[in-house]
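S.K.: Take this structure, written in structure tokens, and hold onto it; I'll ask about it next.
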Amino acid sequence: MTKNNHPTATHISKLRRNPLKAQIPSEKQINAMARSIEANGILDPIDVRPVRDGFEIVNGEVRWLGAKSLNIDIVPIKVLDIDDESSHLSSLMIDMTPEKMDPVDKVSGLERLVDAYGNDAVEIVLENIQGLMSQAPFDPNLQTRINALLARCGLHPLP
């Protein structure tokens, strides 16, 4: 237990996936994490928040799934005292960070962010839209969705 009376480890069965997290880790990601855990252990605790009957994962789903695939019973956790809204925002932001994220998935994440936070999300949209714009000319559906997203943010669409 830490000084705030939160545990620093828990049984893996007490962890739950965040239902608001859209991105599901691939088998390749899970297998790579399992190999890393076998070689080095779990280097970073899984960020969680307390929920009824356990903990909801805020960040660390791939570590959780990698540990599960290795039948590890006890995993390190870091308990965060955050509310539903903060957890929702965290899950949306984490979904936006995979290095080689599919452009369609990235636009979907930005759309969910704008749905949830409206104009407060404009800066995040601007930070992420540049990389998508280079792929839009090759995918008319993607370009349409990007233009609709930009319009929702009060920004000019792509030519």
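S.K.: Looking at GLU85, GLU56, can you tell me which residue is buried (at least 16 other Cβ atoms within 10 Å of the Cβ), closer than 29 Å to GLU111 by Cβ and not small (Gly, Ala, Ser)?
M.R.: Matching residue, one of GLU85, GLU56: GLU56.
S.K.: Of all residues in region 39-66, count the ones that are over 18 Å from PRO7 (Cα atoms) and hydrophobic (A, V, I, L, M, F, W, C).
M.R.: Summing the residues that are over 18 Å from PRO7 (Cα atoms) and hydrophobic (A, V, I, L, M, F, W, C) in region 39-66 gives 3.
S.K.: If you go through region 20-29 one residue at a time, do you hit one that is assigned to a strand (DSSP E or B), in contact with a helix residue (DSSP H, G or I) (Cβ under 7 Å, 6 or more places away or on another chain) and under 16 Å from HIS88 (Cβ atoms)?
M.R.: No, region 20-29 has no match at all.
S.K.: Still on this structure: Taking the options LEU155, LEU149, LEU110, name whichever one is aliphatic (A, V, I, L, M) and closer than 24 Å to PRO25 by Cβ.
M.R.: Just one listed residue meets the conditions, LEU110.
Residues are listed down the side, and each one gets a yes or a no for (1) among the β-branched types (Val, Ile, Thr); (2) part of a helix (DSSP H, G or I); (3) free of Cβ contacts under 8 Å to residues at least 40 places away in the same chain; (4) in contact with a helix residue (DSSP H, G or I) (Cβ under 6 Å, 6 or more places away or on another chain):
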site: LEU113; (1), (2), (3), (4): no, yes, yes, yes
site: VAL122; (1), (2), (3), (4): yes, yes, yes, no
site: LEU126; (1), (2), (3), (4): no, yes, yes, no
site: ILE129; (1), (2), (3), (4): yes, yes, yes, no
site: ASN141; (1), (2), (3), (4): no, yes, yes, no
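Let's see how each residue does on (1) among the polar types (S, T, N, Q); (2) closer than 15 Å to ASP81 by Cα; (3) assigned by TED's automatic domain parsing to the domain that holds VAL104; (4) in contact with a Gly (Cβ under 9 Å, 6 or more places away or on another chain):
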{"site": "SER13", "(1), (2), (3), (4)": "yes, no, no, yes"}
{"site": "ARG17", "(1), (2), (3), (4)": "no, no, no, no"}
{"site": "ILE24", "(1), (2), (3), (4)": "no, no, no, no"}
{"site": "ILE30", "(1), (2), (3), (4)": "no, no, no, yes"}
{"site": "ILE42", "(1), (2), (3), (4)": "no, no, no, yes"}
{"site": "ILE46", "(1), (2), (3), (4)": "no, yes, no, yes"}
{"site": "ASP53", "(1), (2), (3), (4)": "no, no, no, no"}
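S.K.: Evaluate region 28-36: report whether one residue or more is closer than 26 Å to LEU110 by Cβ and in contact with a strand residue (DSSP E or B) (Cβ under 9 Å, 6 or more places away or on another chain).
M.R.: Checking region 28-36: not a single residue is closer than 26 Å to LEU110 by Cβ and in contact with a strand residue (DSSP E or B) (Cβ under 9 Å, 6 or more places away or on another chain).
S.K.: How about region 1-26: which of its residues are of a type in the set (D, E, K, R) and modelled with pLDDT under 90?
M.R.: Correct list: LYS3, LYS21.
The values are calculated or read from the model by the stated rules, or taken from the named source; none is laboratory data. Keep in mind the model is a prediction, meaning the values are calculated, not measured. We place every Cβ from the backbone using ideal geometry, glycine too, and count neighbours over all the protein chains shown.
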